[in-house]
Amino acid sequence: MNQNSEAAGPPTVEITVAGKSIQAREGETIIHALWQAGLGYEIQTGCVGGVCGACTVTLRFKDGRRGGTDLACLRPVEEGMEVFPFPVDALAGPPPISDPDEDKLRATFPTVDRCTKCDNCTIACPMDIPVMDSVLRMQKGQLEAVAEDFTTCIHCGLCRAVCEDKVLPHTMGIWVRRSLGLSVDHPALDQTQETTMSDKEELEWEHLLNCDDEERLLRAKAFRKEGTIA
Amino acid sequence: MMDWAKASLDKVEQTRAQRSGQSAPAISDDDAQNLIKEYHPDYVGSERKIHIGPNADSDAFPMELADLLESDSPVPKDFQPNADIETDVLIIGGGGAGVTAALGLADSGLQVHLATKLRLGDANTVMAEGGIQAALGVDDSTRRHFADSYVGGHGKNDTGLLRHLCEEGPAGIRWLTHLGTLFDQNDDGSFRFRKGGGTSTPRVLACRDYTGLEIMRVLKSAVMSSATHVLEHHAVVELTDDGKDRVTGAVLWNTQTGQLITVSARAVILATGGSGQLRLQGYPTSNHLGATGDGLILAYRQGCSLVFPGSHQYHPSGSSFPEALVGQLVTESIRSAGAQILNVNGERFIDEMTFRDVVAAGIIREVMEGRGVETPTGRRGVWLDTPLIEQTKGEGTLAHQFPGLIHRFKRYGIDPATQPLLIYPTLHYQNGGIRIDAECRTERTGLWAAGEVTGGIHGTNRLMGNSLLDIIVFGRRVSESVRHNCPERGAVTLTRLSQYRDALSGLPHKPEATAPQLYPPVSGMKFELKGMPTPEVGADASPDDVKSYEPPDPFASR
């Protein structure tokens, strides 16, 4: 974003952010437009890359198109767009449980059955997660599929904020993922708790460490080729 | 969408069949070194020495960082630190390293406060895509991991720190899985390893192209149900000392109320991360809003030296089009999966899977010698042939393995499954940083550091997947060290700052801005005191101090 002279700049559009009217360059995001206008503090911002979920906003269009919710760091500006900061506080969820199933989920989140299928959560999700369908999968105990659904969840909290029935979709999503995650056996990790070092290991470390820097670089290069002392 | 590049894209299409399955252009060690020396941004002479502090008149610093190190503090000269909060441990930074340290201290009996400038988890960790290394594969070993990282770091790595990184990698992964982290698996349930640039065997664990997100959301979820006191929207603007050489707390700036508060702590852990938002030499960055090197400035004022302060990583594949995505990361694993890098003529010119600094230098050379592609806004880049993956690995591969990539570009009418992406190096990682020992102690008693803010582990070039491992391994190590060596409480003064200010007044020129910078200048956001006497600072405050207009809720029926 260099401060190019305005003379031959790209075409501009007018948008409103928190009631303030600003000129924005076509093709830039809401956040970049705010920076340019000196109004960066109007919308809480984090990663500027669409994965932290800080810059949640609601949108409205003059022509009556459906506005809804989005991330200001990913949303390109449009003529006449009205933007409202819509920060959603994070929520500490219940701790995960090993070997989760339908009953454990229901005991942890009695609200799961409250869903009235309004689909607000799915519409609100900036990551295109089928949130409501996934809540229905939670009711049926299809937890592997739920974990897959929430692979891309950034925990912006929008699905929770717009839920009329206080169902906590993404809070359940990470609970399912963590609960499944800590229940998986990883044979590859079982050996990692050994505390004694084999002779081969000791020899290899000796070989890589007990020499001067120049020699070490040569030895490391050779070691990479064979995966052991050449 | 990309009609302006049609001629060049046609060549990419025409050469695809012939390039498919072809081995990468070979480059000798010597040629690679020369390429870096000539074209890598670390070596183009955009540096200077500084004349104050532990590294005075020795190392060369990037201009932008040098200016900040020779800048005054934003803390008013008449500010008297009085402990508003007393705690045992103050962790500064809410990314992966800080949160791992907090979790490591959760059952220590020590009271822990974690202060973060943005929100908990809004950090470079959450943006990491490609993966995390750990020597868990069948043909792999911790020594092989060491050798790869050491060669990648040009043999400049601190061997003691690097050995810890590699040896404690598997235990770090075990810890993450116990917290409930899900890594990609093969059909038989074993871990699925990817190759990274410069790994001699597949060693990178991933969660699609959202590995950092997966790790950060698990860490965040875990720490939120711990006893850690999290102070969001609190930026550190100064460290306090006991009047001698011990760090005893910090002065924090509440970014929402504009007020300063002082924290007295027996131990301070700096986990403030990197400095990509300094946008060295005008490069775009893949980093989050707050990556302005704050921790470097503060530790330096306390007398901590910096190692390899001039070494930064320019990730070879930053997005160069569309304009809204400029600088954003296109994960290295896309090259690991087979995407080739091509010039304007559809020709390969660099081994896509060699070390990052070599690939970045190769791209810069190609563009400087006129074989790049120019966008309508005047940016330049080279092609990353993503459709090739769909052709060689089957349709739908990108959507399944790289959902983040697809999602990000879709908004701009670009489908990486059918459309090559334009890339150019982007400022990605701070290789150097605060000097630490194996227990993450800095050169000042009472001050520890972990994560990207530290230097030495990665030498002068880091391998893919070693930064996520770094924050886990050293986040755990720092918590162990603090748990067993937490000093008694000391006096809270700004003696070091006064001494630094005295030294600054002896410099021939004085930068006007204050440091830490806290936000990138491009954002227009800056330090500003409110609700207390403000001599000089913030004199040009804008008249926009009005409350935000409250919006109607589009889902108002609830």
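Could you state the number of Å between the C-alpha centres of segment B:208-234 and segment A:159-178?
Computed from Cα coordinates, the inter-centre distance equals 17 Å.
Which values, in whole Å and largest first, are the semi-axes of the equivalent ellipsoid of segment B:368-513 obtained as the square root of 5 times each eigenvalue of the Cα gyration tensor?
Listed largest to smallest, the semi-axes of segment B:368-513 are 45, 25, 13 Å.
Can you give me the Kirkwood hydrodynamic radius for segment A:125-181, using every pair of distinct Cα atoms, in Å to one decimal?
Value: 11.1 Å, from the Cα pair sum.
Averaged over peptide B:281-293, how many Cβ atoms belonging to another chain are found within 10 Å of each residue's Cβ?
3
How many percent of all Cα-Cα pairs in segment A:114-208 sit more than 23 Å apart?
41
Which pairs, out of A:K221/B:K11; A:K104/B:K220; A:K62/B:K410; A:K221/B:K195, put more than 29 Å between their alpha-carbon atoms?
Checking Cα-Cα distances, A:K221/B:K11 exceed 29 Å.
Residue by residue through B:167-179, how many Cβ atoms from other chains fall within 10 Å of the Cβ on average?
Mean partner shielding for this stretch: 3.
With no solvent and one equal point scatterer placed on each C-alpha of chain B, evaluate the Debye formula and give log10 I(q)/I(0) for q = 0.10, 0.13 Å⁻¹, two decimals.
Taken in order of the listed q values, log10 I(q)/I(0) reads -0.82, -1.33.
Calculate the mean, over all residues of peptide A:72-79, of how many other protein chain Cβ atoms lie within 10 angstrom of the residue's Cβ.
If you average over the peptide's residues, the count of other-chain Cβ atoms is 2.
Need one number for segment B:99-141: average projected area of the convex hull over its C-alpha atoms, nm².
Reported value for the Cα convex hull: 5.0 nm².
Name the lysines eligible as straight-distance cross-link partners of B:K49: C-alpha to C-alpha under 30 Å, and not fewer than 8 places from it in the same chain.
Counting by Cα, and skipping residues close in sequence, B:K49 has these lysines nearby: B:K37, B:K77, B:K117, B:K156, B:K244, B:K510, B:K526.
Dividing the alpha-carbon Rg of segment B:1-56 by 2.2 N^0.38 Å yields what?
Cα-based Rg divided by the globular estimate yields 2.03.
A:D99 label point, 7 Å along Cα→Cβ, cut-off 13 Å on backbone N: hits in segment A:157-194?
A:183-185
Can you pull a Stokes-Einstein diffusion coefficient for the protein assembly as shown at 25 °C (0.890 mPa s), Rh from Kirkwood over Cα pairs, as a whole number of µm²/s?
91
So what are chain A's ellipsoid semi-axes, whole angstrom, largest first, if each one is the square root of 5 times an eigenvalue of the alpha-carbon gyration tensor?
Ellipsoid half-lengths, sorted descending, are 45, 33, 12 Å.
Just order A:59-70, A:83-94, B:455-466 by mean Cβ neighbour count inside 10 Å, highest at the front, would you?
Highest mean packing first, the order is B:455-466, A:83-94, A:59-70.
Hey, any idea what Rg/Rh is for segment B:65-128, computing Rh the Kirkwood way over Cα pairs?
Over the Cα atoms of segment B:65-128, Rg/Rh equals 1.07.
With +1 on each Lys and Arg Cβ and -1 on each Asp and Glu Cβ, how big is the dipole of segment B:184-312 about its Cα centre, in debye rounded to the nearest 20?
200
Using just the Cα positions, wrap segment B:294-440 in a convex hull and report its mean projected area in square nanometres, one decimal place.
If you wrap the Cα atoms of segment B:294-440 in a convex hull and average its projections, you get 11.1 nm².
Relative contact order of chain B, please, whole-number percent, based on alpha carbon pairs below 8 angstrom and at least 6 residues apart.
24
Each reported figure results from applying straightforward, stated rules to the coordinates on display, with no laboratory input. Just so you know, these numbers come straight off a predicted model, no measurement behind them. Using ideal geometry, Cβ is built from the backbone for each residue, glycine included, and neighbour counts are taken over all protein chains shown.
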